[in-house]
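The values are calculated or read from the model by the stated rules, or taken from the named source; none is laboratory data. Since we're looking at a predicted model, the values are computed, not measured. With ideal geometry, Cβ positions are generated from the backbone for all residues, glycine too; neighbour counts draw on all protein chains shown. Note: accessible area is taken over every heavy atom of the protein model, side chains too, but ligands, DNA and RNA are not part of it. Shrake-Rupley method; radii C 1.70, N 1.55, O 1.52, S 1.80 Å.
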Amino acid sequence: MKIDIVTLFPDMFLGPFQESIIKRAQDRGLLEIGLHQLRDFTTDRHRTVDDTPYGGGAGMLMKPEPIAAAITSVRRNNPDAKVVLLSPQGEPLSQQLAQEFSAMPGLILICGRYEGVDERVRTTLCDYTVSIGDYVLSGGELAAMVVVDTVTRLLPGALGSSHSAADDSFSDGLLEYPQYTRPVVFNDLAVPEVLLSGNHAEIARWRRQESLVATARTRPDLLKTARLSDKDRSYLSRMEERGQ
Ligand code: ADE
């Protein structure tokens, strides 16, 4: 997969993309990342990328022309890419959207800065507008890194054989169950007996129930859309009856 990123701060990406899974995916040829300085697509002497908003108001907006020129140029080497604008006004990033992105041949990520981006960029040049959460970042760069990370771990072969993205939290719409490693006792707390039992069916049952408990306590909103079996539902209603 090819991911091109259009940004005023390409150097912000250098550290995060040179470590761990994203680095390995690039080394294995699963992922190719292109970083593009937006100012390189300006035509004036001052390399202007922003301007004041019509109608007044505080701050500056990103002008449409340099972004349009950048997309046209980057598209030559990433012809089937979908264009994604990172913005707090976007649709929320979810595991499902990450899965959709990971099946695409390419992405072009546009990082906004200042008070925002001219609306015509979003409506005429972008296929998606994506937010990584209900808070405001100083720009889309950190959000783009989040998109790259979550998409990369879904590329076939990116995680190696020891780990499957299918077990991750959210992949079935629930939070992941709690995990333990050595020592058996830490801070006076022992690892749950069932995990030491070697009984794989019991362990799977316990993990599913703990997933349901964690989700019901921390993210009850997820239960509305999670894939739940009849067994799951009866466990949840028993939990509720017990007031847990
Ligand atoms: N740019 C600024 N804040 C953002 C957010 N929450 N998500 C995506 N892009 C952003």
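Based on DSSP loop calls and a cut-off of at most 15 other Cβ atoms within 10 Å, the longest stretch of the chain free of exposed trypsin sites (Lys or Arg not before Pro) is what?
That gives 77-226 as the longest site-free run.
Over segment 160-241, average the accessible area per residue using a 1.4 Å probe and give it in Å², no decimals.
Details: 5900 Å² over 82 residues.
That works out to 72 Å² for each residue.
Return one whole number: the accessible area per residue of segment 75-120 in Å², for a 1.4 Å probe. Numbers along the way, then the final one.
Values: 2390 Å² over 46 residues.
Heavy-atom SASA per residue in segment 75-120 reads 52 Å².
Using only the Cα atoms of segment 63-125, build the gyration tensor, take square roots of its eigenvalues as a ≥ b ≥ c, and label the shape rounded, prolate or oblate: rounded if a/c is under 1.5, else prolate if a/b is larger than b/c, else oblate. Numbers along the way, then the final one.
Values: a/c = 2.57, a/b = 1.14, b/c = 2.24.
Here segment 63-125 falls in the oblate category.
Starting from 0.36 nm per residue, how many nanometres of slack lie between E115 and Q89 once their C-alpha separation is accounted for?
Working: separation 26, 0.36 × 26 = 9.36 nm, distance 1.16 nm.
Using 0.36 nm per residue and subtracting the Cα-Cα distance, I get 8.2 nm.
Projected area of segment 106-200, taken from the Cα convex hull and averaged over every viewing direction, in nm²?
Numbers: hull surface 40.9 nm².
Mean shadow area of the hull around the Cα atoms is 10.2 nm².
So what are the three principal axis dimensions of segment 17-128 from its Cα atoms, in whole Å, longest to shortest?
47, 32, 26
Please report the antiparallel percentage of DSSP beta bridges with both residues in the chain, rounded to the nearest 5. Working shown, then result.
Values: 4 of 26 bridges.
In the chain, DSSP labels about 15 percent of beta bridges as antiparallel.
What net charge is computed for the residues neighbouring K2, neighbours being all others with C-beta under 10 Å from the C-beta of K2, Lys and Arg scored +1, Asp and Glu -1? Walk me through the numbers before you get to the answer.
Numbers: positive: none; negative: D4, E32, D80.
Net charge around K2: -3.
Average the reciprocal distances over every distinct pair of alpha-carbons in the chain, invert the result, and give the Kirkwood radius in Å.
Evaluated on the chain, it is 20.7 Å.
Specify the longest stretch of the chain that does not include any exposed loop site, a site being one of the chymotrypsin sites (Phe, Trp or Tyr not before Pro) with a non-H, G, I, E, B DSSP assignment and at most 11 other Cβ atoms within 10 Å.
Numbers: sites that count: Y54, Y135.
Result, exposed sites excluded: 136-244.
Counting only protein heavy atoms and using a 1.4 Å probe, what share of the accessible area of the chain belongs to carbon plus sulfur, as a whole percent?
50
Considering only C-alpha atoms, what is the centroid distance from segment 99-114 to segment 115-143, in Å?
Cα centres, segment 99-114 to segment 115-143: 11 Å.
How much length, in nm to one decimal, is gained on full extension between E32 and A190, taken as 0.36 nm per residue of separation minus their Cα-Cα distance? The partial results should precede the final answer.
Details: separation 158, 0.36 × 158 = 56.88 nm, distance 4.45 nm.
Extra length available between E32 and A190 comes to 52.4 nm.
Loop-only GluC sites (Glu not before Pro) in segment 1-106, please: DSSP not H, G, I, E or B, and at most 10 other Cβ atoms within 10 Å. Write down the numbers at each step before the final one.
Values: sites: E19, E32, E100; in loops: E19.
Loop-located and lightly packed - E19.
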